[in-house]
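A.B. asks: Okay, here's the structure, questions in a sec.
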Amino acid sequence: MQQFDYHNPTHIVFGQDRLAELDKLVPADAHVMVLYGGGSVQRNGTLEKVRQGLGQRRVTEFAGIEPNPRFDTLMKAVEMVRRDGVDFLLAVGGGSVMDGTKFVAAAAPYAGEETDLLKSGFTPIPISEALPLATVATLPATGSEMNMGAVVSHEGGKFPVMSPLLFPRFSFLDPTLTFTLPAHQVANGIVDAFVHVVEQYVTFPVGAQVQDRTAEGILRALIEVGPQTLANPTDYDARANLMWSATCALNGFIGAGVPHDWSTHMIGHELTALFGIDHAQTLAIVLPSLWRVRKGQKGAKLLQYAERVWEIREGSDEQRIEQAIERTQAFFESLGVKTRLSDYGVSAEQIDDVIRALTDHGMVALSETGDLTPVVSREILHAAL
Ligand code: NZQ
Ligand code: ZN
């Protein structure tokens, strides 16, 4: 196992009908900004419950954080926070709203150029303070409700924004708030959580048994409860397990002391930025091809994944790896998430644009071993056509 530090300060408030407890978790004298997206939380009544939970506190609302939240939109919230003296941020929504809120928390007290905060990649951004933030998560997928990362879109790119100051103080995880999700967003969430796990698990072995067994447990839970949730959207137990799986997939626990890959995400981000393909759909496109191209580097963990997650025990190493990749791809397809570039209207000629964007954004030495160059990314994308 590799050396690690692990610290996760987010208080999780899990379960049905607990939003009244906002009253004891948000400071009584806070001026709260409630941030949300395109209106789903208004339509399904979640926003009203949040308002009630906040009681008599001074509340400002900021609506309209779009999927793949844009820097320009978030800067409007930053201006309101500064102008009105807001001192506590509450995100009510999916990953985009939670991420956008994290950016606002970092940018509002920041004295420099706010675009500086998009330039640090996976290293922490140069901030010494951030506004306190919390979330009411409505879409199980990103893990943003219990991690210190955000992804912000700006001028044709998607930029990670990381800081230990950006962990939510608390996050409400109420599975019933996810009942109104359209099926394709549920499916996206399952795929996103699944790929978060494998980006920290299908790398190379370091003898990290707790992390590996936990990763395998989350994958098996997703394989079981994902289809149950789609078949019966109000199945509370399935939703609860899906929600907690997605949180545990990216709250740092399974990633402590093990190598990380993230190349599927980095290539996927360019597909979203260039072609507007949903985050999880990009992952479903890239992952199977990436595994086929990289099975030399990932062979030992792919064999472990084949056996422990899919119970594949027959055939040569090569055959078991291929079967595991096929099962993964079939799982994504069974959820309704297509796995080929051509399914989304992207052609071979457009791969040049993706490679150019990866190069422009410095994504030239990806993966757990740093040897996934643009030449390899091109091979992966061609294999995904
Ligand atoms: O905007 P509203 O009207 O709220 O509708 C949203 C949105 O259209 C809707 N929705 C959310 N909760 C709902 C609901 N509709 C009905 N009922 C509910 N309960 O779902 C749509 C998609 O929402 P979005 O927040 O964009 O989805 P998701 O949670 O998948 O977040 C994607 C974003 O997270 C980033 C992605 O890059 C992308 O920008 N990621 C963040 C990560 C992190 N912070 O750690 C890691 C991830 O890998 C990912 O990159
Ligand atoms: Zn993701």
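The values are calculated or read from the model by the stated rules, or taken from the named source; none is laboratory data. Given the structure is predicted, the values throughout are model-derived calculations rather than measurements. Note: ideal-geometry Cβ built from the backbone for every residue, glycine included; neighbour counts use all protein chains shown. All accessible areas refer to the heavy atoms of the entire protein, side chains included, with ligands and DNA or RNA removed. Shrake-Rupley method; radii C 1.70, N 1.55, O 1.52, S 1.80 Å.
A.B. asks: So which of ILE125, ILE223 ends up being touching a helix residue (DSSP H, G or I) at 6+ places or on another chain (Cβ under 7 Å) and surrounded by fewer than 21 Cβ atoms within 10 Å (Cβ to Cβ)?
C.D. replies: ILE223
A.B. asks: Then there's this: Only one of these conditions is not met by LEU302: (1) more than 16 Å from the chain's Cα centre (by Cα); (2) over 21 Å from GLN209 (Cα atoms); (3) among the hydrophobic types (A, V, I, L, M, F, W, C); (4) open to solvent by less than 10 Å² (accessible area, probe 1.4 Å). Which number is it?
C.D. replies: It fails just one condition, (2).
A.B. asks: Give the residue, chosen from GLU79, GLU114, GLU66, GLU61, that is farther than 25 Å from ASN241 by Cα, away from ligand 2 (no atom under 16 Å from the Cβ) and in contact (Cβ under 8 Å) with a residue 40 or more places away in the chain.
C.D. replies: Working: GLU79 fails: in contact (Cβ under 8 Å) with a residue 40 or more places away in the chain; GLU66 fails: in contact (Cβ under 8 Å) with a residue 40 or more places away in the chain; GLU61 fails: in contact (Cβ under 8 Å) with a residue 40 or more places away in the chain.
Of GLU79, GLU114, GLU66, GLU61, the one residue that is farther than 25 Å from ASN241 by Cα, away from ligand 2 (no atom under 16 Å from the Cβ) and in contact (Cβ under 8 Å) with a residue 40 or more places away in the chain is GLU114.
A.B. asks: Next question, about the same structure. Tell me the residue from VAL286, VAL293 that is assigned by TED's automatic domain parsing to the domain that holds VAL206, open to solvent by less than 10 Å² (accessible area, probe 1.4 Å) and under 17 Å from GLU199 (Cβ atoms), please. If you could, list the steps in order and put the result at the bottom.
C.D. replies: Numbers: VAL293 fails: open to solvent by less than 10 Å² (accessible area, probe 1.4 Å).
The match here is VAL286.
A.B. asks: Any chance you could count how many residues in the range 36-72 are crowded, with 17+ Cβ neighbours inside 10 Å, in a helix (DSSP H, G or I) and under 24 Å from the mean Cα position of the chain (by Cα)?
C.D. replies: Summing the residues that are crowded, with 17+ Cβ neighbours inside 10 Å, in a helix (DSSP H, G or I) and under 24 Å from the mean Cα position of the chain (by Cα) in the range 36-72 gives 6.
A.B. asks: Step by step: first the residues of the range 269-283, then only those that are within 11 Å of ligand 2 (Cβ to nearest atom) and either hydrophobic (A, V, I, L, M, F, W, C) or under 16 Å from VAL375 (Cα atoms) (or both), then the one that is surrounded by the most Cβ atoms within 10 Å (Cβ to Cβ). Which residue is that?
C.D. replies: My answer is LEU283.
One line per residue, one yes/no per condition, for (1) more than 11 Å from ligand 1 (Cβ to nearest atom); (2) in contact with an Asp or Glu (Cβ under 9 Å, 6 or more places away or on another chain); (3) not small (Gly, Ala, Ser):
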position: HIS154; (1), (2), (3): yes, yes, yes
position: PRO160; (1), (2), (3): no, no, yes
position: SER163; (1), (2), (3): yes, no, no
position: LEU173; (1), (2), (3): yes, yes, yes
position: PRO182; (1), (2), (3): no, no, yes
position: VAL186; (1), (2), (3): no, no, yes
position: GLY189; (1), (2), (3): no, no, no
